[in-house]
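Data first, discussion second: the structure below is written as structure tokens.
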Amino acid sequence: MPDVMQGVGNSGRFEQLVLPHLDAAYNLARWLVRNPQDAQDIVQESYLRAFKFFSGFQGGDSRAWLLKIVRNTSYTFLEKNKPASLADEFDEKIHATDTGPPDVESEMVRNVESRMLREALDALPLNFREILILRELEGMSYKEIAELVEVPMGTVMSSLARGRERLREILLHAREKEGSRDV
Amino acid sequence: MTSDPYAPLLHAYLDSELDLVRSLELEEHLKSCPDCAQELWTQQTLRHGLRSGNLYHHAPAGLEARIRAALPHENKVVEMPRRSFWNWAAVAAAIIIALILTWRMLPSYLGRSGTDILAQEVVASHIRSLQPGHLLDVESTDQHTVKPWFNGKIDFAPPVKDFSEEGFPLIGGRLDYIDHRPAAALVYQRNKHFINVFVWPESEVKDKPARTETAEGYNIAFWERGGMYFCAVSDLNTGELQQLVQLLER
């Protein structure tokens, strides 16, 4: 009887502390592996692992604790199934594009649609995309990101800078392509 | 732009991660550097686009349910149903015991003497009282708590005494029925044994000394005193039961 009661208490805590972060878990997995089916499988596996190791959770940020498990599970999945995703996949052709005068750029960036943004994000190298997602969509601080991704805060800062710049370049290139099609 | 030393700081500034001193320095720099100012504005626009672009992937419908179902079963055990199960088990056990006792008592009604039937009844009451939660209606070693408790519940006042010093502590009382009439049950304890002392009023005034009997493996003592009938039942051995009876008879 005591063991069951303990199980009930533990599950109650797990439900209270970890289950609410389901959206964050799915969002991260989805952006990392870029496939909704795979993301769901990864989230499910992550939750099972989280439950198994819940006794090791000493309190604190339960979202960060869960997302670390999701991240590890995602990377393991990518290593096994899509190793190419892990390499820097940035398209050199985009990099070489003349981005034009600054004010024209801003105008283009402002008018970009969600779909284009999504595609542009998907086209980013994995590590840039990951940090950008954690910053912009999860609202994590540099410190929280540094702890989750296990890099120095300086790296977080420079990754964000480079990631955003590259995102802008991808968007401008895509916008130009669309623009030329309309002509 | 990427070689600009201020570039990463712009991002930190944008993310509110730059300390006060550096922020002030940067703001000062922005006043005189149109390129950096433009870059900052562009980045703010991009950031705004990312946050309002409906890019957050919420968990699809059904995923939560699937995860709950996949989690180990302990997660599904809820306290309430489990407690109810044990309650029902206790109720069922009490019903079964009552049925067995009734069934066993039936032949005895068919040809036994009055006191034999009485013995059967008190034993049955005693056994019933040993079920979880059935022993005591009022729980106290204090006779001044137990005795007044019976007021209004029965129309007689049983003598209630605690014999803790003698090794037979009073642990409480209960309202019970013997032979269809209400009786007071005073519960004593000797080590691990419980002794029910049933008391009810008798019309005959004569005092009768205690006599002992055995029924169903239990020891019973009967006596009459002060217009009341006493009956002590227990699985306690005869010797110790008689000790208690002597204390009660005083």
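FYI, it's all coordinate maths here, none of it is from the lab. Please read these numbers as outputs of a predicted model, since none were measured by experiment. No Cβ is skipped: glycine too gets one built from the backbone with ideal geometry, and neighbour counts run over all protein chains shown.
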### Filter result (within 18 Å of B:P8 (Cβ to Cβ) and more than 7 Å from chain A (Cβ to nearest Cβ)) within segment B:40-54
B:L40, B:Q44
### Message
Tell me yes or no: at least one residue of segment A:159-174 is farther than 20 Å from B:T42 by Cβ and crowded, with 19+ Cβ neighbours inside 10 Å.
### Response
no
### Selection count, segment A:147-164, where residues are part of a helix (DSSP H, G or I), closer than 24 Å to A:A87 by Cβ and either more than 11 Å from chain B (Cβ to nearest Cβ) or among the aromatic types (F, W, Y) (or both)
2
### Single unsatisfied condition, B:I171 versus (1) over 20 Å from B:D142 (Cα atoms); (2) touching an Asp or Glu at 6+ places or on another chain (Cβ under 8 Å); (3) among the β-branched types (V, I, T)
(1)
### Query
Quick one: is B:Q143 at negative phi, touching an Asp or Glu at 6+ places or on another chain (Cβ under 9 Å), in contact (Cβ under 8 Å) with a residue 40 or more places away in the chain and polar (S, T, N, Q)?
no
### Message
Could you tell me how many of the residues in segment A:25-44 are surrounded by fewer than 23 Cβ atoms within 10 Å (Cβ to Cβ) and either facing chain B (nearest Cβ under 9 Å) or hydroxyl-bearing (S, T, Y) (or both)?
### Response
3
### Task
Could you list all residues from segment B:132-174 that are surrounded by fewer than 16 Cβ atoms within 10 Å (Cβ to Cβ), in a strand (DSSP E or B) and touching a strand residue (DSSP E or B) at 6+ places or on another chain (Cβ under 9 Å)?
B:E139
### Query
For segment B:8-44, what are the residues that are closer than 15 Å to A:V156 by Cβ and either of a type outside the set (S, T, Y) or free of Cβ contacts under 8 Å to residues at least 12 places away in the same chain (or both)?
B:P8, B:L9, B:L10, B:H11, B:A12, B:L14, B:D15, B:S16, B:E17, B:L18
